[in-house]
Amino acid sequence: MNYANNILETIGNTPLVKLNTLTKELPCLVLSKYETFNPGNSVKDRMALQMIEDAEADGRLKPGGTIIEGTSGNTGMGLALAAIVKGYKCIFVMADKQSKEKIDILRAVGAEVVVCPTNVEPDDPRSYYSVSKRLGEETPNSWYVNQYDNPSNCKAHFLSTGPEIWEQTQGKVTHFVVGVGTGGTISGVGSYLKMKARETGSSVKIWGVDTYGSVFKKYHETGVFDENEIYPYITEGIGEDILPLNVNFGVIDGFTKVTDKDAAIYTQRLAKEEGMFLGNSAGAAVKGLLQLKEHFTKDDVVVVLFHDHGSRYVGKMFNNDWMRDRGFVEEEIKTAADLVLKHNGKPLVVVQTEELVSHAIERMKSLKISQLPVRDINGFVGSIDESDLLHHFIADKNIADKPIKDIMGKPYPIVDKAAKLEDVSKLITKENQAVLVSLENGSHQIITKYDIISAM
């Protein structure tokens, strides 16, 4: 009988799958190293097991110990699976930009998850780097993994992923393209492929995919660690605001950067056009691959690695409301009706003339809105804007107990649903912050400055 003794024995030996539709304009053969076939649905299963086995061998991880790591989710899953089989506990620290699915999955396999803010410096005590280190120091019989600087990360890919790609392509691979985060995959695979290429007299180019808000590309090209390049970004699993020791810049031939929008759009396109339900970094990898078109010829065999599974992004890149809110959905917006499509089914939020100002303030705070139309029994008679409220409050601290009608401004202009976008835009000025759109059955919706900017 042919069977695995435990789930860990199913890690590796993932297939190469040809891309057909999205890469049809490229002259070369493009093969994806499809890492979602690992039991934890990601490439990180490989290095997670390698790091644990190496830590067991040299005594850093002891029986009954606790594994502690800062993770974007996938390494945590790989560590959790190994911990279950081997009898360890897990505490994982994650940044709050990671998808809810990733957090839920880790908790589902028995891990404790600590969530930290994304938008802080790496050395801030609240960052997930700092919190994971602190927990590693404070927790008895624990081992802090530190995948960024742990050499077993790179070693795993030198020993498994790289050899698999070489053998599966019969040594014909000419380019390897992959998103770069901790650096273990690109450095381990890249080192192995370049070693084999030297032995056989061939050549392999190694390309990293980076994201805007990350330091990798500029550092590789200039040697300068530019803190001005560091800012929040949405793309998950690639890019860093630090330089992990696992990133071997000497192995990497170049980087290309992909925007959050393109990464998200191509994540959806992989599912819809290739039947590949993959994670956010796969979308970035494909767009990066297309941006490198000029580097490929008809004789090339390009391997692009896909890190993880789409199930971890159902609430994000595969949710059109989430995509639309961030301006990632390509929609042709020409009229007022187009602008308020996302409000369909939601009643217009208003205040009445006789309500207290405190009611308007509470409504704005709870719903995170800045403008409110004011209505009485005859229709729309005024408006409330957050900046006007502030000015009134500075002049009179008791303003919250006064009726809306005492401080309201002029009513917002009302336009027909067929009004053109450019005509609606002209109505929004310093003095007028919103426009109302007249819809079917006498209902209305609001268009704000934010809606206009989002449609650009």
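Restricting to DSSP loop positions (anything but H, G, I, E, B) with no more than 12 other Cβ atoms inside 10 Å of their own Cβ, which trypsin sites (Lys or Arg not before Pro) remain in the stretch 418-450?
Details: sites: Lys420, Lys426, Lys430, Lys449; in loops: Lys430.
Here the trypsin sites (Lys or Arg not before Pro) that fit, given the DSSP loop and packing criteria, are Lys430.
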Query raised in the report: What value, in deg cm²/dmol to 500, does the helix sum -39500 (n - 2.57) over DSSP H runs of n ≥ 4 give at 222 nm once divided by the residues of the chain?
Result: -10000 deg cm²/dmol
Query raised in the report: Tell me, what HN-Hα J-couplings in whole Hz come from the Karplus equation 6.51 cos²θ - 1.76 cosθ + 1.60 at θ = phi - 60° for each residue of the stretch 9-20, using x for Gly and Pro?
Result: 6, 9, 6, x, 6, 7, x, 9, 10, 5, 8, 10
Requested in this report: Express in nm, to one decimal, how much length is gained between Arg363 and Glu273 on full extension, taking 0.36 nm for each residue of separation and deducting their alpha carbon distance.
Outcome: 28.1 nm
Query raised in the report: How about Lys334: which aspartates and glutamates have a C-alpha closer than 20 Å to its C-alpha, ignoring those fewer than 8 places off in the same chain?
Result: Asp321, Asp325, Asp416, Glu422, Asp423, Glu440, Asp451
Report task. Beyond 20 Å between alpha-carbons counts as too far, so tell me which of Lys44/Lys89; Lys402/Lys430; Lys261/Lys417; Lys33/Lys100 fall in that bin. Result -> Lys402/Lys430; Lys261/Lys417; Lys33/Lys100
Report summary line: Reduced to Cα centres, the span from the stretch 153-182 to the stretch 74-137 in Å works out to 27 Å
Requested in this report: Express in nm, to one decimal, how much length is gained between Ile414 and Asn319 on full extension, taking 0.36 nm for each residue of separation and deducting their alpha carbon distance.
Outcome: 31.0 nm
Requested in this report: Obtain the nm distance between the two label points defined at Arg198 and Lys62 by a simple spin-label model: each point lies 7 Å from its Cα along the Cα-to-C-beta direction.
Outcome: 4.1 nm
Query raised in the report: Hey, with R₀ at 41 Å, roughly what FRET efficiency would Lys18 and Tyr450 work out to, going by the Cβ-Cβ distance, to 0.05?
Result: 0.40
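Output the antiparallel fraction of DSSP beta bridges having both residues in the stretch 336-454, as a percent to the nearest 5.
70 percent
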Query - Under 11 Å, Cβ to Cβ, from Asn146 - net charge with Lys/Arg +1 and Asp/Glu -1 - result: 0
**Report entry** Surrounding net charge for Thr256, when Lys and Arg each add one and Asp and Glu each subtract one, Cβ distance under 10 Å
**Finding:** +2
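Distance cut-off 32 Å, Cα to Cα: go down the list Lys62/Lys196; Lys97/Lys194; Lys196/Lys272; Lys172/Lys272; Lys102/Lys342; Lys24/Lys449 and report the pairs above it.
On the way: Lys62/Lys196 36 Å; Lys97/Lys194 35 Å; Lys196/Lys272 36 Å; Lys172/Lys272 29 Å; Lys102/Lys342 27 Å; Lys24/Lys449 40 Å.
Among Lys62/Lys196; Lys97/Lys194; Lys196/Lys272; Lys172/Lys272; Lys102/Lys342; Lys24/Lys449, the Cα-Cα distance tops 32 Å for Lys62/Lys196; Lys97/Lys194; Lys196/Lys272; Lys24/Lys449.
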Query raised in the report: Taking the DSSP beta bridges in the chain as the whole, what percent of them are antiparallel, to the nearest 5?
Result: 35 percent
Report summary line: Sparse-neighbourhood loop hits (GluC sites (Glu not before Pro), the stretch 156-225; DSSP loop; Cβ within 10 Å at most 15 others) -> none
Query raised in the report: What percent do you get for the relative contact order of the stretch 336-454 when only Cα pairs under 8 Å and 6+ apart count?
Result: 29 percent
Query raised in the report: Measuring from a point 7 Å past the Cα of Asn248 along Cα-to-C-beta, which residues in the stretch 41-58 have an amide N at less than 17 Å?
Result: 47, 51
Query raised in the report: Just how far, in whole angstrom, is the stretch 253-279 from the stretch 380-456 if you go by their alpha carbon centroids?
Result: 38 Å
Query raised in the report: aspartates and glutamates within cross-link reach of Lys293: Cα-Cα under 14 Å, excluding same-chain residues under 8 positions apart?
Result: Glu25
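Count charges around Arg107 for me, please; just the other residues with Cβ under 14 Å from its Cβ, Lys/Arg as +1, Asp/Glu as -1. List each step's numbers first, then the result.
Values: positive: Lys89, Lys100, Lys102, Arg312; negative: Glu101, Asp104, Glu112.
Local charge sum for Arg107: +1.
With an 8 Å cut-off on Cα pairs and a minimum separation of 6 or more residues, tell me the relative contact order of the chain in percent. All intermediate terms of the calculation are to be shown ahead of the outcome.
Numbers: 890 pairs, mean separation 59.7, N = 456.
Computed over the chain, the figure is 13 percent.
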**Report entry** Point-to-point label distance, Ser438-Val329, nm (Cα→Cβ direction, 7 Å offset)
**Finding:** 2.7 nm
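We did not get these values from a lab; they are worked out from the coordinates using the rules stated. What you see is a predicted model, and the numbers here were worked out from it, not measured in a lab. Heads up, the Cβs are rebuilt from the backbone with ideal geometry, glycines too, and the neighbour counts pull from every protein chain shown.
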